[in-house]
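Structure first, then comments.
None of the figures in this text is laboratory data; all of them are computed from the coordinates on show. Keep in mind the model is a prediction, meaning the values are calculated, not measured. Using ideal geometry, Cβ is built from the backbone for each residue, glycine included, and neighbour counts are taken over all protein chains shown.
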Amino acid sequence: MNEAIRELLAKVGGLPVSIDQITDEEDLYNAGLSSFASVQLMLGIEDKFDIEFSDQYLNRKSFSSIKAIERTVEAILKNNEDA
Amino acid sequence: MDAQISFLDRLFTSGLLLDTGVDGLYGRSGRFEDIIAAFERLIDRTGGDDGAEAIRFPPGMNRAIFEKSGYMKSFPQLAGTIHSFCGCELDHVNLIQCMDEGKDWTKEQQATEIVLTPAACYPLYPVVAQRGNLPEDGGLFDLQSYCFRHEPSKDPARQQMFRMREYVRMGKPDEVMEFRQLWMDRGTQIMQRVGLPVNIDVANDPFFGRAGRMLVNNQRDQNLKFELLIPITSTENPTACMSFNYHQDHFGTKWGINLNDGTTAHTACVGFGLERIALALLHHHGLDIEAWPEQVRKELWG
């Protein structure tokens, strides 16, 4: 999952630095992720993992770091399994 | 909805607004314009000593600048583009025939280089960027323009073509935040002086679609937008008559607006919805302007 998120981030994130230089915990907004790029990232993740972000996850916190994105995706996948 | 239609009907009947047959597109009477002119003078008296540079753009803007602004990413549903006939004589014959037959003649219209201005400040940023670095104390601008948003409605407070008066501040983050707070205080005071009940609340722009939901949440989480609300046709959903927006470095980065030291400028704007304010005054004080409370008339007309 980590690799897939990094791949998407490199593609749509518009970050001024190489994705390899971003740690899992690093604040992506401080690293240059714009609001609109985070929307594109969200749509890309939905497509990749075949999930849908519910309203509670559509916020800055969910996309604040690679780790946060992983946690969000895992939570959505788990919700889907439980449902 | 009934309250909106009722208020609109009364505005038409009294002759304050004139029906054009399109929801949200109205003629204005001299009496209506007089309210707006008086309120603008009140704004001038409040902010006039701040030294803002006054600039007036027409209600259309450069399409290339509009495209670069990213407006279509966020609000495609509100945008208005200007199209014209660009064909030859034969095309003209076909156009007339098409119109005579009551068919859709607009398909062959070509996009011009102009789009309708969605907010008074949109044309400003690239113009300021072109001048080079801002002076030591940043920039302060006074704008007013008719704006267009495609949202037909029976609510007279939601018009498709309306005027927005704006002040825009460019500077360091603390400077633009201070400017925004100053106008939140001033806006409240102005409205109270003309007898209008106000409430200021955190707000969001109408970003398009489900993806826009995330932009809404981001905007609200960061307190980037506040609105000054006044009940007009509903007390549960009062109308935003002013907005106070902190853009962070969004426009500074987008257009290359830099401070004196070369770092990216932050920007903020405050906007007055002039028609909405006039409507708020008419709703609260009555359609007979001569009969408005003496104190309100004195504030507006001296």
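The modelled label-to-label distance between B:GLN181 and B:GLU113, using points 7 Å beyond Cα along the C-beta direction, is 4.4 nm.
Loop-resident trypsin sites (Lys or Arg not before Pro) (DSSP state other than H, G, I, E or B) in the stretch B:112-206 with no more than 15 further Cβ atoms inside 10 Å of their Cβ: B:ARG131.
Within chain B, the longest segment free of exposed loop sites, counting GluC sites (Glu not before Pro) that fall outside DSSP classes H, G, I, E and B and have at most 12 other Cβ atoms within 10 Å, spans B:1-100. By the Kirkwood approach, averaging reciprocal distances over each pair of separate Cα atoms, chain B gets a hydrodynamic radius of 20.9 Å. Ranking A:ILE45, A:TYR29, A:ALA68 by how far each Cα lies toward the positive end of the dipole of chain A (charges on Cβ) leaves A:TYR29 at the top. In the structure shown, do any of A:LYS11/A:LYS61; B:LYS68/B:LYS254; B:LYS73/B:LYS254 have a Cα-Cα gap over 19 Å, and if so which? The answer is A:LYS11/A:LYS61.
In plain terms, the chain from B:GLN97 to B:ASP221 could stretch by 39.2 nm, reckoned as 0.36 nm per residue minus the Cα-Cα distance. Centroid-to-centroid, using Cα positions, the stretch B:222-289 and the stretch B:1-69 are 14 Å apart.
What is the diffusion coefficient of the stretch B:38-84 in µm²/s, taking the Kirkwood radius over Cα pairs and the Stokes-Einstein relation at 20 °C with a viscosity of 1.002 mPa s? Rounded to a whole number, D works out at 155 µm²/s. Taking 29 Å as the straight-line reach from the Cα of B:LYS103, the lysines in range (excluding those fewer than 8 positions away in the same chain) are B:LYS154.
With Rg and the Kirkwood Rh both taken from Cα atoms, where does Rg over Rh land for the protein assembly as shown?
Across the protein assembly as shown, the Cα-based Rg/Rh ratio is 1.01.
Using the Cβ-Cβ distance between B:ASP174 and A:ASN80 with R0 set to 51 Å, the FRET efficiency from 1/(1 + (r/R0)^6) comes to roughly 0.70.
For chain A, what ratio Rg/Rh do Cα atoms give with a Kirkwood hydrodynamic radius? Result: Rg/Rh = 0.94. Taking GluC sites (Glu not before Pro) that fall in a DSSP loop and have at most 15 other Cβ atoms within 10 Å as cut points, what is the longest piece of chain A between them? With GluC sites (Glu not before Pro) excluded where exposed in loops, chain A gives A:53-83 as its longest stretch.
All distinct Cα pairs of the stretch B:1-104 go into the 1/r average, and the inverse of that average, the Kirkwood radius, is 18.9 Å. When you filter the trypsin sites (Lys or Arg not before Pro) in the stretch B:1-84 for DSSP loop state and at most 15 other Cβ atoms inside 10 Å of their Cβ, you are left with B:ARG56.
Derived from the Cα gyration tensor, the three semi-axes of the equivalent ellipsoid of the stretch B:126-201 are 28, 21, 10 Å, largest first.
Express in whole angstrom the spacing between the alpha-carbon centres of the stretch A:48-69 and the stretch B:96-138. Cα centroid of the stretch A:48-69 versus Cα centroid of the stretch B:96-138: 35 Å apart.
Mind listing which chymotrypsin sites (Phe, Trp or Tyr not before Pro) in the stretch B:64-160 are in a DSSP loop and have 14 or fewer other Cβ atoms within 10 Å?
B:PHE85
Gyration tensor analysis over the Cα atoms of the stretch B:41-188 returns equivalent ellipsoid semi-axes of 38, 19, 13 Å (largest first, whole Å). Legend: calculated FRET efficiency, B:TRP105 to A:PHE49, from the Cβ-Cβ distance at R0 = 51 Å, rounded to 0.05, equals 0.60.
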